[in-house]
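The values are calculated or read from the model by the stated rules, or taken from the named source; none is laboratory data. From a predicted model like this one, the values you see are computed outputs, not experimental measurements. Don't worry about glycine lacking a Cβ; one is built from the backbone with ideal geometry, like all the others, and counts go over all protein chains shown.
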């Protein structure tokens, strides 16, 4: 029997992640997006593993399990699921694993070294999970030793942190689907729960976006993370209080783009910045709050602390609701402050 794994999945991105993780664990793999082709392969050549994603097209998971057991009873079946604790497949003699794959949970070929030995043999010197070792402690440990390293979160899929001689040099986060860099990225990464990490030899980043001592960088990143969470809750509150809201944007007036929001975030943010600049020149004073009605929409701007502003636009029929929502949001922030 070939010391390899068949990998079946219909969603290419998910299939690629499973395949990449299995290869990292030491398996030779053959990937298929069609169940019949995968089963035909198993029929002609036996494999140690048959790995299947729960998201299949043109076939059912239970049907694939039954056919694999019929074709090759000794082949071990692993099912990658978004809910590995689900009772749906517990009646079958299979192993359920989480998706995205967790490296430390994957099986290892019998003719290979243990997963830990494999990682040490290649390029990783330390692996772990943030559920048992806080990322802050990992970075602090590296800083104390004045070490240079690259810390990857979920094989780099969630983010990367570069440390150079004990200083935190750069961070990238992919949590929102868009690459975020710098302290904001670090703030997103340190809040990740139950996330695999590994420490690799240092690689220079494209550019240094932080370049601070670890303790300083972590303090500032934590502040930014708390701020982002607070603004996210405010946005949700305004949406609930004013269903007619069309767009919300939060950010620093001196920044080129908003940090978060809903709807046409950038369009609203750009327009409000221009409006605030014109108002400041007209009244010779910095506006703190501003409400403006036009023929089509109502606009509102409030100060939300730390030099940031929150802008919102809504239908004219929602004028009173938007005003109340923004005032309540501002009052709650003042009480927290």
Give the residues of region 92-111 that are at pLDDT 75 or above, in contact with a strand residue (DSSP E or B) (Cβ under 6 Å, 6 or more places away or on another chain), assigned to a loop (DSSP other than H, G, I, E, B) and farther than 17 Å from residue 13 by Cα, sorted by residue number.
94, 109
With respect to the numbered conditions (1) assigned to a loop (DSSP other than H, G, I, E, B); (2) surrounded by 13 or more Cβ atoms within 10 Å (Cβ to Cβ), which one is the sole condition not fulfilled by residue 74?
(2)
Starting from region 135-147, take each residue that is touching a residue at least 60 places away in the same chain (Cβ under 8 Å) and on the phi < 0 side of the Ramachandran plot and list its partners that are in a helix (DSSP H, G or I) and loosely packed, with under 15 Cβ neighbours inside 10 Å, counting only C-beta distances under 9 angstrom and pairs at least six apart or across chains.
140/215; 143/215
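Taking the residues in region 273-299 that are outside any strand (DSSP E or B) and under 18 Å from residue 325 (Cα atoms) as candidates, determine which candidate is modelled with the lowest pLDDT. Before you say what the answer is, go through the steps one by one.
Within region 273-299, the subset outside any strand (DSSP E or B) is 273-289, 294-296.
Right, trim to under 18 Å from residue 325 (Cα atoms) and you get 288-289.
Values: 288: 86, 289: 91.
Ranking the qualifying residues of region 273-299, first place goes to 288.
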Checked region 300-316 for anything touching a strand residue (DSSP E or B) at 6+ places or on another chain (Cβ under 9 Å) and not in a strand (DSSP E or B); matches are 304, 308, 316
Residue count, region 134-156, condition exposed (fewer than 14 other Cβ atoms within 10 Å of the Cβ) and in a loop (DSSP other than H, G, I, E, B), comes to 3
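Filter region 77-91 for residues that are more than 20 Å from the chain's Cα centre (by Cα) and modelled with pLDDT of 90 or more and give the result. Spell out how you get there, then give the answer.
Let us first name the residues in region 77-91 that are more than 20 Å from the chain's Cα centre (by Cα), namely 77-79, 85-91.
Scanning region 77-91 gives 77, 78, 79.
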Consider residue 63 against the criteria (1) in contact with a strand residue (DSSP E or B) (Cβ under 6 Å, 6 or more places away or on another chain); (2) assigned to a helix (DSSP H, G or I): it satisfies all of them except one. Which criterion is unmet?
(1)
Determine which single condition residue 326 fails, assuming it passes every other condition in (1) in contact (Cβ under 8 Å) with a residue 40 or more places away in the chain; (2) surrounded by 11 or more Cβ atoms within 10 Å (Cβ to Cβ); (3) more than 18 Å from residue 265 (Cβ to Cβ).
(3)
Any residue at all in region 209-227 that is out of contact with any helix residue (DSSP H, G or I) (no Cβ under 6 Å at 6 or more places or on another chain) and assigned to a loop (DSSP other than H, G, I, E, B)?
yes
Being without any contact (Cβ under 8 Å) to a residue 12 or more places away in the chain, under 24 Å from residue 157 (Cα atoms) and within 32 Å of the chain's Cα centre (by Cα), is that true of even one residue in region 96-104?
no
